[in-house]
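First the structure, in the form of structure tokens, and then the observations on it.
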Amino acid sequence: MTTASLPETGTVLVTNVRPYGEGEPVDVLVTGERIAEIGPSGTVTAEEHAERLDGRGGVLLPGFVDLHTHLREPGREDAETVRTGSAAAALGGYTAVFAMANTEPVADSAVVVEHVWRAGREVGLVDVHPVGAVTVGLRGDKLAELGTMAASAAGVRVFSDDGHCVADPLIMRRALEYARGLDAVIAQHAEEPRLTEGAQAHEGERAALLGLAGWPASAEEAIVARDCILASHAGARLHVCHVSTRGTADVLAWGKPRHPRGATAISAEVTPHHLLLTDELLAGYDPVNKVNPPLRTESDVTALREALAEGTIDCVATDHAPHAVQDKDTEWAVARPGMLGLQTALSVVVETMVRPGMLDWRGVARVMSERPAEIARLPDQGRPIAVGEPANLVLVDPDARWTVRGEQLASIAGNTPYEGMALPATVRATMLRGRMTAADGATVGDGVRTATGATERTGGAR
Ligand code: DOR
Ligand code: ZN
């Protein structure tokens, strides 16, 4: 399918909706790719054939941007494809995702990043931005051609060896220096490999009880401290992937203000699962709970929520990591680490941050859309909901509840740690440049039949 076969953008009138969950309800008129008019509810008119979206009770936010997604294409299309991952993203309220480079072959060249970028355009449900590998083959010993990937049609501006740490300090230093010249950012998977050899679970009481080799917090914190120093000396931008410990939040609070280009030159993300789940879940040895970095303790979870609320951690990124059954549904020690995240991220953020009063909807827009768009230098994402701005939007139902069923999610793989869990908030609709990509739990215009977990709606039940 080509982009041309997708529905044309037209006119959409969203009625009775509260942008950022604030103030009196308004009507928002979208014409073509942009917001054309915003006025008090009932005052905005649209042509006869305009699409109408009832926003009553809903919260309108800028479309979400995920800095950390694994789409598995090329190479592991048995777990996820650009098409199915894009569907999951649209259903989760995302309008842009960054596809990590640990594919087969690795996205360490212009050819591979352009392939992923083109595949994303063809599906058309979400802007797919390939992340380029920092080192050739993710092997950590030779810099990949960052400049060539940046100059390619994919216009890569985020580089990461995610899944692996760029552990060699000299390679990391050179990568930061190159990235500075490209106004790109190095997204580090912070894990000192010498400290995690054979590691299976967060080092602590729980791992000891279960007889699992410990994964120390220091493996993450030591690399983050080192990289804050390297980035500051290089005057380069650093992004820290999936922060998982209290100590890393402390290191970031120390390192960010010391960067010569200001605190925003060092950024960090936290995953929904590290905001909600702890290593207590490991008691059953169910590999669905195995993830890298590992689930930590209650004290870490508390610190991560606080760091996200106050901005030491900039944003939420899913680390959506689909795995085929044969790689995941096996004994703990050999199971691949990773969890689905795109369709549950909003609900987990609402559960962990909004309901306890740590973030309001403005805050959700900041951590799920505005900051990630700034970090990745996306000019048309994470924009204010205002006349003239691009219509990349998500309509959230804050009062709905739904029960997660892995097999009903759009991903090929079903490895969700939230199976059977009732979570708050659903995505009612997602709009990419004025065109509806998801509505009422189904994707629109991509020719893919997708069910979603957003089935058991019990509006107003929370
Ligand atoms: O849990 C994870 N899964 N962490 C990573 O860093 C990589 C990812 C994957 O590719 O499955
Ligand atoms: Zn990672």
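The values are calculated or read from the model by the stated rules, or taken from the named source; none is laboratory data. These numbers come from a predicted model, not from an experiment. Methodologically, a virtual Cβ is constructed for each residue, glycine included, from the backbone with ideal geometry; neighbour enumeration extends over all protein chains shown.
General observations
- Answer from LEU67, LEU60 - the residue that is within 16 Å of ligand 1 (Cβ to nearest atom) and surrounded by 17 or more Cβ atoms within 10 Å (Cβ to Cβ): LEU67
- Count of the stretch 205-235 residues which are out of contact with any Gly (no Cβ under 9 Å at 6 or more places or on another chain) and of a type in the set (Gly, Ala, Ser): 5
- Scanning the stretch 336-387 for residues being touching an Asp or Glu at 6+ places or on another chain (Cβ under 7 Å), of a type in the set (Lys, Arg) and not in a loop (DSSP other than H, G, I, E, B) gives a total of 1.
- Pairs are defined by a Cβ separation below 8 Å, a sequence spacing of at least 6 or placement on different chains, a first member in the stretch 227-242 that is closer than 21 Å to ALA217 by Cβ and within 16 Å of ligand 1 (Cβ to nearest atom), and a second member that is among the acidic types (Asp, Glu) and not in a helix (DSSP H, G or I); the pairs so defined are HIS239/GLU269; VAL240/GLU269; CYS241/ASP162; CYS241/GLU269; CYS241/ASP319; HIS242/GLU269; HIS242/ASP319.
- Index of the failed condition, VAL396 passing every other in (1) in contact (Cβ under 8 Å) with a residue 24 or more places away in the chain; (2) closer than 30 Å to LEU182 by Cα; (3) more than 16 Å from ligand 1 (Cβ to nearest atom): (2)
- Among strands (runs of 3 or more DSSP E) entirely within the stretch 1-64, having at least 1 residues that are at pLDDT 95 or above and among the aromatic types (Phe, Trp, Tyr) singles out no element at all.
- Restricting attention to the stretch 313-354, the residues that are surrounded by 24 or more Cβ atoms within 10 Å (Cβ to Cβ) and polar (S, T, N, Q) add up to 4.
- Members of the stretch 380-435 that are over 19 Å from THR15 (Cβ atoms), among the β-branched types (Val, Ile, Thr) and crowded, with 18+ Cβ neighbours inside 10 Å: VAL404, ILE412, THR416
- Selection status of THR148, within 28 Å of ARG261 (Cβ to Cβ), at pLDDT 95 or above and crowded, with 21+ Cβ neighbours inside 10 Å: no
- When the stretch 160-185 is filtered for residues that are under 16 Å from LYS142 (Cα atoms), within 15 Å of ligand 1 (Cβ to nearest atom), touching a residue at least 40 places away in the same chain (Cβ under 8 Å) and not charged (D, E, K, R), the ones remaining, listed by number, are SER160, HIS164, CYS165, ALA167.
- Candidate set from the stretch 247-291 (those that are in a helix (DSSP H, G or I) and of a type in the set (Val, Ile, Thr)); member that is nearest to ALA376 (Cα to Cα): THR264
- Being within 16 Å of ligand 2 (Cβ to nearest atom) and part of a loop (DSSP other than H, G, I, E, B) is a property that ALA167 has.
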